[in-house]
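Student: The structure follows.
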Amino acid sequence: MIVFLIYAAIFVASYFLVKFVVQKASNDYTSLKTVTFGDESAVRPNRIASFVSIASIFFLWGAFTGSSWVPGFLHAPGPFMGDATFTYTATADGQDADDATVTIRVFEVGTDVETPVVEPGEGWAKNDSDTVGAWRSGLVRVDKNDEFGRKEGHTITAVNGQPIAPGQSVETEFGRVGMSPKGTLNFEPSKGWQMEPIWLPSPEAVVARFGDIAANGYRGSSLWAHLGISLQRVILGFFFGALVGIPLGYAMGLSDWFRGWFDPIVEFMRPVPPLALIPLVIIWAGIGETGKVILLFLAALWIMAIAARAGVSGVAISKVHAAYSLGASKAQIMRHVIVPNSLPEIFTGARVAMGVCWGTVVAAELVAAEQGAGMMIMVASKFQLTDIVIMGIILIGIIGFGIDILMRLAEKALVPWKGKI
C-alpha cells in the first residue's frame, strides 16, 4: 500500500509540475486550439509523462529493494541487521524472579555468521545468544542454560519489563519478541519496508541474471531459442486464427444466414478465457506442439471474427449506395468499399488478438514444454528464482510491445485512409 501511495503522490506532483510549469513555458499546436476537451486529435501522449512514469517505476523498484543503482538516501528503510538485544524476566519454583539478556545476531541470508559470545552473568537466569536471518524469525530457548529449567517451573513473565504470556508479543527496538503457546520466545527482527530478494530482486540482480542466461542459456537452450519458439507459436496461432476468423467475420457481416448460424457460437466462445480450454485441448490434441498452437488459434479466432464483423457493420451505407449508383458489382463493392473501410477495425482486432495470444502462450507452455518463455518462467517459479521470472515477464512485455508498434506501423502504411474517410 505504501508503494502505491508514493506512486500516486509522484503522479499528482508530476502532473501539476508539468502542466503549470513546463508546458506554460512552451506553445504547440494543441495550445492554439479553441476546444481540446473531447477532441481526439488534441490528445497525444505526453512524452514527459511517459518518461516520468517509467522513471518512477524504476525508482520505486530500486528504492524498495535496496538497489545500488538508486542513491542510498532514497532507499526505503531496510531490515535490521546487526546485534539485537532484549532482556527477559523469568521465575522458577521457590526462586525469586531473575533477569537475563539475550543477544541475537541478525545476518543477511546466504552469508556465514558466528554466534556472538556473551558472558553468562550473575543469577540463576543466564544470558543467551543466537542468530537469525534477516526477514526470518527463530525460536530462542532461553531456559536451556538457566540453572532452573522447565522441570523446575521455569516461566518467562516479561520482556524488557513488559508483561508477556503465551500468544502475546512485545515490540522492541530491534523487532518483535513473541511467545509460543508452550512459552518459548520467538524473535522476529524488524523487516523495514524493503522487499526480500526472494519476493522482489533488485534491478541489477535481474540484469545480471539476464546476462548469465543470454550467455549460458537455460535448461539446455539459449535465451533466444526460448523467446523464438514462443514467438513462433504465437505467430502460428494468430495466423490461423486470422485466416479463419476474418472470412468468418465478413460472412457474418454480409449474410443474415451466416450471422444467425455463427453468432451464438462466436458470442458464446468470446467470453470463455483460453486458459479454460487447456484441459480440452490436451484431451483432443495431446501435450505436443499441435495442442499449444490450437490453444493460441482459439484465443485469436473469436477476436478476429468479431473485429471483421464489426468492420463490415461499420461501413456507412451511403458509400454502398453511392457505389451501386455508379454501377459497381457486388465484387467491386466488396473490394473497393467494404474491405478498405473494414481494415481499421481488423487491424485493431489483430492488435488485441496478438496481445491475448502473448498472454496465453505462458499458459500454453505449462504443459510438457521443453522450450519457451512461458516454460522458463514457470520452471523458475517452482524453484523461487524470482529474478528469472521477472526477467521473462519483462522480455515478454518488450516483445509484445514491439509487435504492437510494428502492427501500428503496418496499419499506418497499409491503411493510410483511417480516420480520413
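The values are calculated or read from the model by the stated rules, or taken from the named source; none is laboratory data. What you are looking at is a predicted structure, and each value in this text was computed from that prediction instead of being measured. Note that each Cβ is placed from the backbone with ideal geometry, even for glycine, and that neighbours are counted across all protein chains shown. Protein only, heavy atoms only, side chains kept; ligands, DNA and RNA dropped before computing areas. Shrake-Rupley method; radii C 1.70, N 1.55, O 1.52, S 1.80 Å.
Student: Multiplying the sequence separation of Thr87 and Trp193 by 0.36 nm and subtracting their Cα-Cα distance, what value in nm do you get?
Tutor: Details: separation 106, 0.36 × 106 = 38.16 nm, distance 2.61 nm.
That pair, Thr87 and Trp193, stretches by 35.5 nm at full extension.
Student: Give me the dipole magnitude in Debye, nearest 20, for segment 201-307 about the Cα centre, with unit charges on the beta carbon: positive for Lys and Arg, negative for Asp and Glu. Walk me through the numbers before you get to the answer.
Tutor: Numbers: 6 positive and 6 negative charges, 34 e Å.
Using Cβ point charges on Lys, Arg, Asp and Glu, segment 201-307 gives about 160 debye.
Student: Something else now. So how far apart, in nm, are the two label points at Val109 and Val18 if each is 7 Å from Cα heading toward Cβ?
Tutor: About 3.8 nm, to one decimal.
Student: Nothing charged except the Cβ atoms of Lys and Arg (+1) and of Asp and Glu (-1): what's the magnitude of the dipole of segment 40-184 about its Cα centre? Round to the nearest 20 debye.
Tutor: Charge dipole, segment 40-184, about its Cα centre: 980 debye, nearest 20.
Student: Another one. Dipole of segment 90-211 (Lys/Arg Cβ +1, Asp/Glu Cβ -1, origin at the Cα centre): which of Thr131, Pro181, Val113 lies farthest to the positive side?
Tutor: Farthest along the dipole direction, towards plus: Pro181.
Student: If I model a spin label as a point 7 Å beyond the Cα along the Cα-Cβ vector, how far apart are those points for Trp124 and Leu74 in nm?
Tutor: 5.8
Student: Compute the Rg to Rh ratio over segment 357-421 from the alpha carbon atoms, using the Kirkwood formula for Rh, and round to two decimal places.
Tutor: 1.21
Student: Pop out the carbon and sulfur fraction of the accessible area of the chain as a percent, whole number, probe 1.4 Å.
Tutor: Reported share for carbon and sulfur atoms: 64 percent.
Student: Further question on the same structure: Could you compute the FRET efficiency for Ile287 and Leu414, with r as their C-beta to C-beta distance and R0 at 45 Å, rounded to 0.05?
Tutor: Efficiency, from the Cβ-Cβ distance: 0.75.
Student: How would segment 49-125 be classified by its alpha-carbon gyration tensor: rounded, prolate or oblate, with rounded meaning a/c under 1.5 and the a/b versus b/c comparison settling the rest?
Tutor: The shape class here is prolate.
Student: While we're here: Work from the charge dipole of segment 72-113 (Cβ charges, +1 for Lys and Arg, -1 for Asp and Glu, about the Cα centre) and give the residue of Val102, Thr85, Leu74 farthest towards its positive end.
Tutor: Towards the positive end, the residue furthest out is Leu74.
Student: Please give, to one decimal in nm, the separation of the simple spin-label points placed at Ala208 and Glu173, each 7 Å out from Cα toward the Cβ.
Tutor: Using points 7 Å along Cα→Cβ, the separation is 3.3 nm.
Student: Tell me the angle of helix 386-414 to the major Cα principal axis of the chain, expressed in degrees between 0 and 90 and rounded to the nearest ten.
Tutor: Taking the Cα atoms of the chain, the angle to 386-414 is about 20 degrees.
Student: Same structure again: If I stretch the segment between Leu254 and Ala8 completely, what's the gain in nm (0.36 nm per residue apart, minus their alpha carbon distance), one decimal?
Tutor: That pair, Leu254 and Ala8, stretches by 83.7 nm at full extension.
Student: Given the chain reduced to its alpha-carbon atoms as identical point scatterers, what log10 I(q)/I(0) does the Debye formula return at q = 0.07, 0.09 Å⁻¹?
Tutor: Treating every Cα as an identical point scatterer, log10 I(q)/I(0) equals -0.60, -0.84.
Student: How large is the helix-only mean residue ellipticity at 222 nm for the chain, computed as the sum of -39500 (n - 2.57) over DSSP H runs with n ≥ 4, divided by its residue count, in deg cm²/dmol to the nearest 500? Mind dumping the intermediate values first?
Tutor: Details: 12 runs with 204 residues, N = 421.
So the helix-based figure for the chain works out to -16000 deg cm²/dmol.
Student: Then there is this: Which FRET efficiency, nearest 0.05, do Ile393 and Ser329 yield, Cβ-Cβ r, R0 60 Å?
Tutor: With R0 = 60 Å, the Cβ-Cβ based efficiency is 0.70.
Student: Restricting attention to segment 101-185, which trypsin sites (Lys or Arg not before Pro) occupy a DSSP loop and are surrounded by at most 13 other Cβ atoms within 10 Å?
Tutor: In loop regions of segment 101-185 (DSSP not H, G, I, E or B), the sparsely surrounded trypsin sites (Lys or Arg not before Pro) are Arg141, Lys144, Lys182.
Student: How many angstrom lie between the Cα centre of segment 266-341 and the Cα centre of segment 145-215?
Tutor: When both Cα centres are located, 57 Å separates them.
Student: Sticking with this structure for a sec: Would you mind checking the tilt of helix 223-254 against the longest principal axis of the Cα atoms of the chain, expressed as 0 to 90 degrees and rounded to 10?
Tutor: For helix 223-254, the angle is close to 40 degrees.
Student: Please name whichever of Gly392, Gly359, Met375 sits farthest to the positive end of the charge dipole of segment 354-421, dipole taken about the Cα centre and charges placed at Cβ: Lys and Arg +1, Asp and Glu -1.
Tutor: Of the options given, the answer is Gly359.
Student: Here's another thing I want to ask about it. Magnitude of the Cβ-charge dipole of the chain, K/R +1 and D/E -1, about the Cα centre, nearest 20 debye? Numbers along the way, then the final one.
Tutor: Numbers: 31 positive and 35 negative charges, 665 e Å.
Once rounded to the nearest 20, the dipole reads 3200 debye.
Student: So if I restrict to the alpha-carbon atoms in segment 163-264, what is the Rg, and what is Dmax, the biggest pairwise distance, in Å?
Tutor: 29.1, 81
Student: Rg and Dmax in Å for segment 192-231, alpha carbons only: what are they?
Tutor: Using the Cα atoms of segment 192-231, the pair Rg, Dmax is 13.3, 42 Å.
Student: Just the C-alpha atoms of segment 138-215: what Rg/Rh do they give, with Rh taken as the Kirkwood radius?
Tutor: Using only Cα positions, Rg/Rh for segment 138-215 is 1.27.
Student: Something else: Would you mind working out the accessible area per residue for segment 216-322, using a 1.4 Å probe, and quoting it in Å²? Please report the intermediate quantities before stating the final value.
Tutor: Working: 5560 Å² over 107 residues.
With the other protein chains kept in place, segment 216-322 gives 52 Å² per residue.
Student: Report, in degrees rounded to the nearest 10, the 0 to 90 angle that the Cα long axis of helix 339-364 makes with the longest principal axis of the chain.
Tutor: Around 30 degrees separate the two axes.
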